[in-house]
Amino acid sequence: MTIIQTSDAPKAIGPYVQGRIANGFLFASGQVPLDPQTGLVVGKTIEEQTTQVIKNISAILAEANISADAIVKTTCFLKNMDDFVAFNGVYATLFGEVLPARSAVEVARLPKDVLIEIEIIAAVSSK
């Protein structure tokens with residue numbers, strides 16, 4: 001198994017890693033809208049926070065040399081399901097024509113009281 005760690009995504013703030021490759025898949029820990037350099041929450045709106053989450057996910061994918069097209073499953077945690085349409089508009093920018101399976105749920109609270117957290121599973125190329 002390979003651990004994925006990049007300074008371009010927020011450091012783990014607990015006993016976990018940013019990502020781990022096992023059995024042909026990258027399992028990435030949930031990403032929240034933290035600035036990788038400062039550790040501070042980025043943005044106040046769902047659009048701003050989702051944009052930062054996508055940047056963090058993209059950094060982990062880049063470190064693993066995997067494209068967003070390889071994402072097969074996402075789980076999205078929203079603080080407020082009323083933000084779903086606005087969230088979707090930004091979330092869609094991560095993907096091209098190839099879309100992953102997805103779950104999206106409303107939760108009572110997220111770390112640092114952010115509005116969004118997204119975790120991914122991506123296939124690793126056998127090339």
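Overview of values
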{"item": "Condition broken by V98, with the remaining ones in (1) modelled with pLDDT of 95 or more; (2) among the hydrophobic types (A, V, I, L, M, F, W, C); (3) in contact with a helix residue (DSSP H, G or I) (Cβ under 7 Å, 6 or more places away or on another chain) satisfied", "result": "(1)"}
{"item": "Subset of region 80-127 (residues that are out of contact with any strand residue (DSSP E or B) (no Cβ under 7 Å at 6 or more places or on another chain), basic (K, R) and in contact (Cβ under 8 Å) with a residue 12 or more places away in the chain)", "result": "R109"}
{"item": "Unique residue being loosely packed, with under 15 Cβ neighbours inside 10 Å and of a type in the set (A, V, I, L, M, F, W, C) when the list is A22, A70, A28", "result": "A22"}
{"item": "Checklist (1) on the phi > 0 side of the Ramachandran plot; (2) surrounded by fewer than 15 Cβ atoms within 10 Å (Cβ to Cβ) applied to P111, failing item", "result": "(1)"}
{"item": "Odd one out for L78 among (1) surrounded by 14 or more Cβ atoms within 10 Å (Cβ to Cβ); (2) out of contact with any helix residue (DSSP H, G or I) (no Cβ under 7 Å at 6 or more places or on another chain); (3) among the aliphatic types (A, V, I, L, M)", "result": "(2)"}
{"item": "Residue within region 40-51 that is touching a strand residue (DSSP E or B) at 6+ places or on another chain (Cβ under 9 Å), closer than 15 Å to E119 by Cα, modelled with pLDDT of 95 or more and not basic (K, R) present", "result": "yes"}
{"item": "Single residue of region 43-56 satisfying the filter (in contact with a helix residue (DSSP H, G or I) (Cβ under 6 Å, 6 or more places away or on another chain) and assigned to a helix (DSSP H, G or I)) that is surrounded by the fewest Cβ atoms within 10 Å (Cβ to Cβ)", "result": "E47"}
{"item": "Selection status of V85, aliphatic (A, V, I, L, M), in a helix (DSSP H, G or I) and farther than 16 Å from A122 by Cα", "result": "yes"}
{"item": "Residue within region 57-64 that is within 14 Å of P10 (Cβ to Cβ), out of contact with any His (no Cβ under 9 Å at 6 or more places or on another chain), of a type in the set (S, T, Y) and part of a helix (DSSP H, G or I) present", "result": "yes"}
{"item": "Whichever residue in region 107-127 is acidic (D, E) and more than 17 Å from I4 (Cα to Cα) and, among such residues, is farthest from the chain's Cα centre (by Cα)", "result": "D113"}
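The values are calculated or read from the model by the stated rules, or taken from the named source; none is laboratory data. All of these numbers come straight from a predicted model, not from anything done at the bench. No Cβ is skipped: glycine too gets one built from the backbone with ideal geometry, and neighbour counts run over all protein chains shown.
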